[in-house]
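Some notes on the structure that comes next.
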Number of protein chains: 2
Amino acid sequence: MLTRKQLELLEFIHKNMQTDGVPPSFDEMKVALSLRSKSGIHRLITALEERGFIRRMAHRARAIEIVRLPESLGGEPGPGFRPRVIEGDRPNAPRPANSDPITIHATEVPLMGRIAAGVPIEAISHVTSQVAVPGQMVSGAGEHYALEVKGDSMIDAGINDGDVVVIRETQVAQNGDIVVALIEDQEATLKRFLRKGSSIALEAANPAYETRVYPEGKVRIQGRLVGLIRTY
Amino acid sequence: MLTRKQLELLEFIHKNMQTDGVPPSFDEMKVALSLRSKSGIHRLITALEERGFIRRMAHRARAIEIVRLPESLGGEPGPGFRPRVIEGDRPNAPRPANSDPITIHATEVPLMGRIAAGVPIEAISHVTSQVAVPGQMVSGAGEHYALEVKGDSMIDAGINDGDVVVIRETQVAQNGDIVVALIEDQEATLKRFLRKGSSIALEAANPAYETRVYPEGKVRIQGRLVGLIRTY
DNA sequence: TGCGCAATGTTGACCAGAAAGCAATTGGAA
DNA sequence: TTCCAATTGCTTTCTGGTCAACATTGCGCA
């Protein structure tokens, strides 16, 4: 599955994680493989990702994670590794009867009901079902849940009626974040968050809706938008 | 199940992986089996893949993986063997190490590169990685794949730059469907499909882009949009 | 014995990927 | 803003994989 160079790099990353605790930077890898340019490393990394040995986040320093090791290295990936085996049915790609379940990097989050993106309709209620989401969407810390969007007030942000949004639970938000906000402990709504002095503006992404401004105490952030899933 | 030659090749690949850590190239296999041509190897490899003994990626150097070995070679491919094990932990919800696999209704589809939603950029290329998608998105028949959207021409349809779209392979489309269309066998683009008599209009969802009309023969539908995944 | 057929062997052309380098740009973080 | 890491574009060289066409071998069977 891997070429010599790819294997060499994977070994190096693995060793580095064991000794240093962190993945190496591109420059460190460059030195380790005696290259003069990082772009070579970049390509090897891409190849490793494509082959499913590592996972990474773009544009993040040292954001590499070893997902599996080739048999020849025969070891477990890093400590704390808990593979979550997900039985994925893969339509039209019949697996040989004897093969193991295919493992997919995904997670399931609870669908907690609907959220208004126009006039607030109803507060977050109970779990209605589970939705699978790609793993990278919920990476990092925090609890996550999903909501179905009702209304068209966020349409200019590419959030349509019927979309499912994935929310990370948090009490804080930065200017410009799209958040789930609970207004006066009553109504939950999905809006863009803007702090203006001591008040908070909740701005729709649709000129037909007015921005509403509340004093700080009236609004509680419940979560921040981290993903969106739409099925046609 | 296997012919003599196929078994011989499989044995060689296995030995090679054990000693070198990497699968042999076609040329190395050619030498090992005393052949004068790689194409014989190509056929044997194809046969082994068909019979489920190996897995591979087309057009990739040394991209062979042994999935199982015939009983005559002693069963298991080796300790530590784990097909496609990919991390999928749920942050803050650790499970006991010995827990059973959790079944999630999800599927993985190959990410095939980028697609222009503005001016066509590049045709669909090769697999860059895999993305997990909710099961219901790819239900029904057909092969599926994912593309990363470049450009803003579908922005009024809620498809933004950087979104990942999930495509079901098909050669036909209905009026109003959003499709991946290959224009003059050259450029792939994501547009709304509209048939007007014997010509086909590919319409952007952004007033800044013109609708382009082609004679029927110039446009080939490659797939239909069935889902969208966005990570913030 | 000779036919059909599948597996195998060979050649050679062709194209794509792997690897490497340098330069320029973008993105994130301090 | 400044720094550093990561990404991307482009080029070159070499290795590796694909494919079509055709020849050969060996086996089962009428």
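FYI, it's all coordinate maths here, none of it is from the lab. Note that this is a predicted model, so its numbers are computed, not measured. Note: ideal-geometry Cβ built from the backbone for every residue, glycine included; neighbour counts use all protein chains shown.
Worth a mention:
- With 28 Å as the limit on Cα-Cα distance, the pairs of A:K5/B:K15; A:K15/A:K38; A:K30/B:K30; A:K38/B:K150; A:K150/A:K218; A:K150/B:K196 that go past it are A:K30/B:K30; A:K150/B:K196.
- Charge tally for A:R195 (other residues, Cβ to Cβ under 12 Å; Lys, Arg +1; Asp, Glu -1): -1.
- Cα shape, the range A:136-232, gyration tensor, a/c 1.5 rule: oblate
- 7 Å along Cα→Cβ, label-point gaps from A:G21 to other copies, nm, shortest first: 2.6
- Of the residues B:I66, B:I13, B:S37, the one whose Cα sits farthest towards the positive end of the charge dipole of the range B:4-73 is B:S37 (charges of +1 on Lys and Arg Cβ, -1 on Asp and Glu Cβ, taken about the Cα centre).
- Rounded, prolate or oblate (a/c below 1.5 giving rounded, otherwise prolate when a/b exceeds b/c) for the range B:1-50 by Cα gyration tensor: oblate
- Förster-model FRET efficiency, 51 Å R0, B:E11 and A:A61, C-beta, rounded to 0.05: 0.70
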